[in-house]
Every structure is written in structure tokens, then in C-alpha cells.
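Values quoted throughout were computed directly from the atomic coordinates according to the rules given, and no laboratory measurement underlies them. Everything quoted here is computed from the prediction, not taken from an experiment. No Cβ is skipped: glycine too gets one built from the backbone with ideal geometry, and neighbour counts run over all protein chains shown.
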Amino acid sequence: MKNFLVLGGGFAGVEAAIKLRKKGYNVTLVSDRDYLFIYPISIWIPVNGISFDDSKIELAKLQKIHGFNLIIDTVEKVDAINKKITLSKSELTYDFLFVALGMDKRKIKGIENTLSICGAPKQAITIKDELDKLIENGHGKIAIGFGVNPDDPTGSVVRGGPAFELLLNISTYLKKKKLLNSFELNMFAPMPKPGIKMGQKAYNSMGKFFKHYKINKHTGKKIIGFTKNEVLFEDNSKLESDLIIYISGGEGHHLLKDSGLPINKAGFVLTEPTCQVQGFPDVYVIGDSAHLLGPDWVAKQGHMAEVMADVAAHNAHQHVIGSNKTISYVDKVSIICVMDSGNGAAWITRTEKKETMIMLPIIGHWFKKAWGFYYKNSKLKRFPRIPGM
Ligand SMILES: Cc1cc2nc3c(=O)[nH]c(=O)nc-3n(C[C@H](O)[C@H](O)[C@H](O)COP(=O)(O)OP(=O)(O)OC[C@H]3O[C@@H](n4cnc5c(N)ncnc54)[C@H](O)[C@@H]3O)c2cc1C
């Protein structure tokens with residue numbers, strides 16, 4: 001019986017553990033959090049649309065249902081050369097390693113003055129508290145933006161979707177409270193056309209969206225830092241704000257730099273289309289930790305993390321049984337985004353062949369809510385899984 005060690009209890013790690021268990025392997029999952037955080041629905045925490053507890057699934061429950069071993073501890077070192085994983089309280093080894101540790105965010109000057117909806121999960125609660133304070137005052141300036149990583153050749157680590165969604169949701173929330181006219185909502189990003197990765201159709205509609213939700217755009221200017229109440233740009237201009245939410249460009253997980261695994265300039269692990277690491281046939285890297293292959297619009301998303309987990313579990317099994325019937329995730333690369341605004345959503349998809357953008361007023365919001373419910377309950381085996389969802 002081969003021992004599979006999965007590092008990380010997010011979208012990629014949990015899906016891999018489930019799929020490997022289905023194939024009958026002995027699987028141990030290590031996570032520093034005792035829950036799987038469902039980031040896509042966490043955008044509603046700041047606007048009182050969902051509680052923190054409803055945005056997560058306890059890993060112990062998943063362990064019980066799917067039968068993997070669970071260790072809640074922090075991975076301190078990954079040594080792929082000697083097949084040794086150091087945790088804070090023990091050391092582990094493996095026959096096959098699945099790395100699903102997510103990614104880190106670039107630090108820029110003054111970043112401590114900002115909050116992120118894409119960082120430590122509990123920051124979503126801090127954003128809610130800060131927003132509540134402004135609402136209590138009856139007015140305020142809110143700036144939400146995202147950055148790039150110049151070292152990432154694909155730009156796949158730019159995470160703009162949650163920034164757009166949070167702004168749209170805050171706008172709807174303030175409107176419901178009849179406070180929208182007393183607030184200034186600003187979106188900032190260094191690229192001239194933020195959101196173009198989702199396709200031209202989606203990009204064109206974003207402009208209309210912003211106007212409708214009273215959001216000002218500040219784009220095409222490099223962000224050089226932050227003060228307590230300002231976003232600072234390269235051309236010496238400033239954006240004043242009472243609350244700054246910033247999603248920095250992603251960079252590879254810090255532990256992977258010294259792991260012996262090959263990484264790109266931004267620290268993401270270089271894999272084959274099978275998710276197997278180049279030169280390490282018993283190591284697979286999945287989800288946000290990997291350097292994604294594919295078209296120049298490829299994006300690190302939860303559904304891609306699950307596709308990669310599935311592909312990697314299949315390929316590792318082929319490896320074990322001595323078959324070469326491997327599969328690739330690259331031909332499955334797509335963008336799937338339900339851009340929620342709190343009172344509707346835009347359904348956006350992009351593949352090599354097609355771009356789709358469908359506006360779904362009201363129903364789109366409930367569709368995304370239903371997806372969150374489905375995601376949780378299908379993982380807990382209360383519902384059957386629908387392939388691709
Ligand atoms: C606000 C937000 C909204 C999003 N919306 C969407 C969406 O609508 N659709 C979509 O497809 N994608 C969306 N995404 C992207 C999606 O959530 C990510 O692509 C996905 O979470 C990546 O999964 P992962 O398992 O690779 O990484 P993560 O989910 O980040 O999981 C990494 C895991 O590793 C663990 N870990 C990290 N370091 C250590 C350590 N040293 N020791 C032990 N454990 C460790 C973490 O605790 C975590 O469990 C969104 C992301 C955010 C932040």
C-alpha cells in the first residue's frame with residue numbers, strides 16, 4: 001500500500017485527498033487550519049451576507065466521511081530531495097507527495113495599512129468590522145484594488161475577481177442602507193485594462209457595471225505603496241481612503257523556495273501537464289502553488305485547483321499500476337466566474353474556443369449562494385457530486 005502525503009487543506013488538497021481515497025490509497029492530509037475555507041463565498045462576510053462559520057468546512061468532518069488521516073500542524077520545511085517533511089511537532093516521509101499549499105502575496109511598502117479579502121480568512125471579519133464603523137459614521141471613502149507580480153510571466157497570479165465582487169457587494173449593501181450617496185467607492189489596479197483576462201465581452205460590461213454601482217476606476221498607474229489613509233501611485237498621485245483593501249500579486253509559497261523543487265522566478269513550482277514535478281516523479285503540485293501552463297489568460301482559480309487535483313490523482317494511480325495512460329490538465333484550462341454583486345451576477349466563462357458573458361439579475365446572486373450550499377454538502381457527501389461543479 002503506497003502512502004500519499006497531501007500538504008494543504010484548501011480546494012486542491014481536499015479534492016486530492018478525496019480522489020486518492022476513492023482509489024483506495026492510504027492518505028494523510030496536513031493543514032495548519034482545521035477547516036477548508038470556501039474563499040468564493042467569503043466575499044459576503046463583510047456585507048453580513050454569510051457568517052464566517054458558514055464559509056468553512058471542518059476538516060475533521062471531511063476526514064470522517066472520506067477516511068483520510070488528518071494532521072493539524074504547520075509544515076515548516078519541505079525537503080523533496082530527501083523525501084522529508086518537517087512539521088512543527090513531527091517529521092513525515094512519503095511514497096507520493098501532493099503539494100497544495102496555496103500561494104503567498106507580494107509585500108509592498110506600507111501593505112500593513114491595508115486589509116485583504118484574499119489573505120488569512122479572518123481578515124474578512126476585520127473588513128466587516130471596519131466597514132461597520134464607517135456605516136455607523138454615515139460616510140466614508142473605500143478603496144479596493146489589486147496588484148501584479150512582475151516576476152510572473154503569465155499574470156496568472158493577479159486576483160482581481162474578488163476585488164470587483166467585494167466592491168459591487170459593498171455598493172449594493174450601502175444602497176440598501178440608503179448610504180450609497182454618502183460614500184465614495186474606488187477601484188484601483190496598475191494595468192490599463194483590469195479584467196481583460198476574462199475576455200473582451202466581460203471587460204466591456206465591467207465599465208457599465210462600475211457606472212451603475214457608482215464605482216470610480218483608477219487604473220494604469222503603478223501602485224508604489226500605502227500610508228494609513230492613502231494609496232500611493234508612481235506618478236506621485238494619491239488616492240485618499242478611510243478603508244483600503246488590497247489584493248497583492250501572488251508569489252510562490254515561501255516553503256517551496258528551499259524545497260529542492262524547480263520553481264519559476266515568482267516561486268511557483270514547474271510541473272508537467274500531468275501535474276508531476278519536473279525531475280521528481282513522485283511529487284505532484286496542484287492548485288495555486290503551481291506555475292500554471294496554458295494560454296496567456298490562464299488564472300489560478302478554485303475550479304482549476306480541483307481539476308488539477310483530479311488529474312494528479314489519476315496520474316499518480318497510473319504511475320503506481322505501471323500504466324502510461326496519463327492525462328493533462330492543460331486542455332481543461334478555463335475561466336469560470338460568477339461575478340456576484342449582491343443583487344445579481346454576471347456569468348463569465350472563457351475557453352480556447354469561446355467567451356461567454358451572461359447577465360443574471362437577482363437569480364445570479366441566488367445561483368452563487370446555491371453553489372456554496374452545494375459545494376459544502378457535496379463535499380460532506382450529503383449530495384452527489386455533479387461533474388465539473
Ligand atoms: C476572496 C476570494 C474569492 C475567490 N473566488 C473564486 C471564485 O469565485 N471561483 C474560483 O474558481 N476561484 C475563486 N477564488 C480562487 C480560489 O479560492 C483559489 O484558487 C483556491 O482557493 C486555490 O486552492 P489551493 O488549495 O491551491 O489553495 P488554498 O485554498 O489557499 O489552500 C492552501 C492550504 O494550505 C494550507 N497551508 C498553507 N501553508 C501551510 C503550512 N505552512 N502548513 C500547513 N498548511 C499550510 C492552508 O491552510 C490552506 O488550507 C477566490 C479566491 C479568493 C481569495
Selection within segment 106-141 - part of a loop (DSSP other than H, G, I, E, B), within 15 Å of the ligand (Cβ to nearest atom) and not charged (D, E, K, R): THR114, SER116, ILE117, CYS118, GLY119, ALA120, PRO121
The one condition LYS217 fails out of (1) crowded, with 21+ Cβ neighbours inside 10 Å; (2) in a strand (DSSP E or B) is (1)
Just give me the residues in segment 311-330 being without any contact (Cβ under 8 Å) to a residue 24 or more places away in the chain and part of a helix (DSSP H, G or I), in sequence order. GLN318, ILE321
Looking across segment 56-105 at residues that are closer than 28 Å to ARG159 by Cβ and assigned to a loop (DSSP other than H, G, I, E, B), the single one that is farthest from the ligand (Cβ to nearest atom) is ALA80
Could you identify the single residue in ILE50, ILE65, ILE45 that is farther than 20 Å from VAL307 by Cβ, of a type in the set (A, V, I, L, M, F, W, C) and buried (at least 22 other Cβ atoms within 10 Å of the Cβ)? ILE45
Might you let me know whether segment 222-234 holds any residue that is part of a helix (DSSP H, G or I), touching a residue at least 24 places away in the same chain (Cβ under 8 Å) and away from the ligand (no atom under 16 Å from the Cβ)? no
Within the set of pairs 6+ apart or on separate chains, which have a first residue in segment 138-157 that is within 12 Å of LEU243 (Cα to Cα), a second that is of a type in the set (Val, Ile, Thr) and surrounded by fewer than 22 Cβ atoms within 10 Å (Cβ to Cβ), and C-beta atoms under 9 Å apart? ILE144/ILE215
Residues ALA290, ALA370, ALA316: which one is of a type outside the set (Asp, Glu) and within 12 Å of the ligand (Cβ to nearest atom)? ALA290
Inside segment 341-389, the number of residues satisfying the requirement of being surrounded by 17 or more Cβ atoms within 10 Å (Cβ to Cβ), among the aliphatic types (A, V, I, L, M) and within 18 Å of the chain's Cα centre (by Cα) is 1
If ASP258 passes every condition in (1) in a loop (DSSP other than H, G, I, E, B); (2) acidic (Asp, Glu); (3) in contact with an Asp or Glu (Cβ under 7 Å, 6 or more places away or on another chain) but one, which one does it miss? (3)
